[in-house]
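The values are calculated or read from the model by the stated rules, or taken from the named source; none is laboratory data. This is a predicted model, so every value here is computed, not measured. Methodologically, a virtual Cβ is constructed for each residue, glycine included, from the backbone with ideal geometry; neighbour enumeration extends over all protein chains shown.
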Amino acid sequence: MCGIIGYVGSQDVAPILIDGLKRLEYRGYDSAGIVIIDKEAQLFRAVGKVSNLEKRIGSHPLVGSLGMAHTRWATHGKPSEPNAHPHADCHGRLFIIHNGIIENFQTLKQDLLDEGHTFRSETDSEVIAHLIEKYYDGNLAEAVRRALARVDGTFGLAVIHKDHLDQAIVARRSSPLILGIGDGEHFFASDVAALVKHTKRVVYLDENEMAVLTPHHFTIGSLDKPDLVHSSSRTVHVDWDITAAEKQGYSHFMLKEIFEQPEAVRNAFRGRLLPAKGTAKLGGLDSVIDRLQAAHRIIIISCGTSYHAGLLGRYVLEELTDLSVEVDLASEFRYRKLNFRYGTVVLGISQSGETADTLAAVREAQTRGALALGLVNVVGSSIARETSAGVYNHAGPEISVASTKSFISQVTILTLISLMLGRLQKLSLRDGKAIITALEKLPSQIETILSNADEILRIAKKFADYKNFLYLGRKYSYPVALEGALKLKEISYLHAEGYAAGEMKHGPIALIDRQLPSICIVPRDSSYPKMVSNIQETKARDGRVIAIATQGDDKLRSILRVEDGTDEIFYIPETLEILSPILSVVPLQLLAYYVADLNGCDIDKPRNLAKSVTVE
Ligand code: M6R
């Protein structure tokens, strides 16, 4: 959840670190810190955003070519300057930056206090600095290894020491750590986004590995063994363009990413459609296609927006195949006593590929004998590497904390998987071709919706002062309702509830009055008549409605009071029922964005959140 960037080489390191921090800020932003070691260690930390850290540094000249920096998302200890990373040992000789949680830190801390160490923060992380100090006898790598052997929990760790001006040590367990390979210089980061400006050659550290970086060399090894070896064959090329991780004139990353959605859908199906055969080909699943064909049960596990994509995946998989499909929140999955028989497939969906709950659930499923697959956007991420096979989104970097383009991409790929499996079963060539034709139209249909963004802005202005919102949908539009509500609440801090429209009469209808607008997702599909009845029930109780409907739906207009301004309709183009979420979610993303903007919220960095949730 926190961000790490570091460097060892010959350049002036300060601008590299500050730029890297800005690119990582979406991972956590309650405090930030930097340490550069030259003749002396120069340590600066500040509560709040990176801009506060810059103010704190002020005109102080930062000198040196070895350093590292951190953006924090607090777990242990409130956001404060002493709790911000980097943390030092007792004598300020070595510094650590840590992402993750040290579960046994209380015991370790007590032991270290008893031995005379002085602690300056409330964090769990600081124990690592003191443990390394305890074991240090001139060999920093060995001290790090011995310290980490005492630690229970998770870490993405970076360490530098005053006695080793040409060395940085990094290690990982369940928290990403990536090496950036340069010429005469090396970088390390928690996230590719911080590296691509400098190098596209990276090495993803594996679980329980550590690495020693010097300007001209890097060695990697297991945390359990003392031997570290140079392994250039581990270097992979990252194809992310630096401009993809910049705002390019948009006021926020979220808005930019909403407008990138036509391309995200194109990238999701590019090269994966076989129109003549009415099916899809997903190269990442080739190696497991026999097991997939033999599967009788798929369990989709994910969190947040990815969970909503999973809910949609269930509808479409059930529609196009004979599989029995379950969807579970990754954080709940592990509490179920599931009986895995041969033929159970678990699909973990995650934009970041690092979400701790999803990663833990995937691992759990694998130990129980399931075939684990991943649907992941970030190439080389933990879920991508730990699953047996999978599909990449190719949606490009998603920087905004609020997921948008990754959702649309996930739903598109779930449709491709369903199409592929359906065609291997009973789905007809004709139906397969119809799905492909409709898929190919989606990017231009999303463009049509985006070209009407001003209409959503107008609606947002009317409703921005309301404090509570209800999002209603049925069948395919139910997960869209959940997603629309999540978008609004996470970036505007307004109360928004997504509900299955059919459940309204079982309780929530009691809430309806003029102060509670209902956003009704009502495309013309198989659940349309029942959804219209729900809208009529809302109107009968004086509720205000914003409807997302199919172009040309005049019947709905006659039910709503659009002319006098009480209600609103936003039209989306017609598509197949299974694809309608890919269109209907776009106006909801825009509505959330504009309402949050009108309320002056910090859209790309909503309070208390972080882009990648690497704690359980
Ligand atoms: O990286 P993941 O897709 O695994 O992330 C899962 C959730 O943390 C994420 O979707 C979160 O709910 C977003 N902030 C929603 O916009």
Cβ-Cβ below 6 Å, separation at least six or inter-chain, first residue in segment 603-616 and touching a residue at least 24 places away in the same chain (Cβ under 8 Å) and closer than 21 Å to GLY153 by Cβ, second of a type in the set (Ser, Thr, Tyr) and more than 11 Å from the ligand (Cβ to nearest atom): which pairs?
-> THR614/SER175; VAL615/THR75
Meets criteria (more than 16 Å from the ligand (Cβ to nearest atom), part of a helix (DSSP H, G or I) and on the phi < 0 side of the Ramachandran plot) for LEU292 = yes
GLU263 vs. criteria closer than 25 Å to LEU457 by Cα and either over 23 Å from the mean Cα position of the chain (by Cα) or among the acidic types (Asp, Glu) (or both) | yes
Just one of GLY473, GLY502, GLY498 is surrounded by 16 or more Cβ atoms within 10 Å (Cβ to Cβ), closer than 23 Å to ASP553 by Cβ and within 16 Å of the ligand (Cβ to nearest atom); which is it?
-> GLY498
Only one of (1) part of a loop (DSSP other than H, G, I, E, B); (2) among the aromatic types (Phe, Trp, Tyr); (3) within 15 Å of the ligand (Cβ to nearest atom) is not met by TRP240, so which one is it?
-> (3)
Report yes if GLU440 is in the same structural domain as GLY283 (by TED's automatic domain parsing) and within 13 Å of the ligand (Cβ to nearest atom), otherwise no.
-> no
Select the strands (runs of 3 or more DSSP E) contained entirely in segment 121-227, then report the ones holding at least 3 residues which are under 25 Å from ASP38 (Cα atoms).
-> 155-161, 168-173, 178-181, 186-189, 209-214, 217-222
Output the qualifying pairs, or none if there are none: Cβ atoms under 6 angstrom, residues six or more apart or on different chains, first residue in segment 225-252 and over 21 Å from ILE491 (Cα atoms), second residue charged (D, E, K, R).
-> THR235/ARG201; HIS237/LYS200; VAL238/LYS200; ILE242/LYS197
Run GLY432 past the list (1) assigned by TED's automatic domain parsing to the domain that holds VAL586; (2) part of a helix (DSSP H, G or I) and report the number of the one that doesn't hold.
-> (1)
So is GLU257 on the phi < 0 side of the Ramachandran plot and at pLDDT 95 or above or not?
-> yes
Could you tell me whether segment 402-415 includes any residue that is within 27 Å of LEU177 (Cβ to Cβ), in contact with a Gly (Cβ under 7 Å, 6 or more places away or on another chain) and away from the ligand (no atom under 11 Å from the Cβ)?
-> no
Extreme residue, surrounded by the most Cβ atoms within 10 Å (Cβ to Cβ), among residues of segment 531-560 that are farther than 20 Å from LEU511 by Cα and more than 33 Å from the chain's Cα centre (by Cα) = LEU556
Right, GLU490: within 29 Å of THR412 (Cα to Cα), touching a residue at least 60 places away in the same chain (Cβ under 8 Å) and charged (D, E, K, R) or not?
-> yes
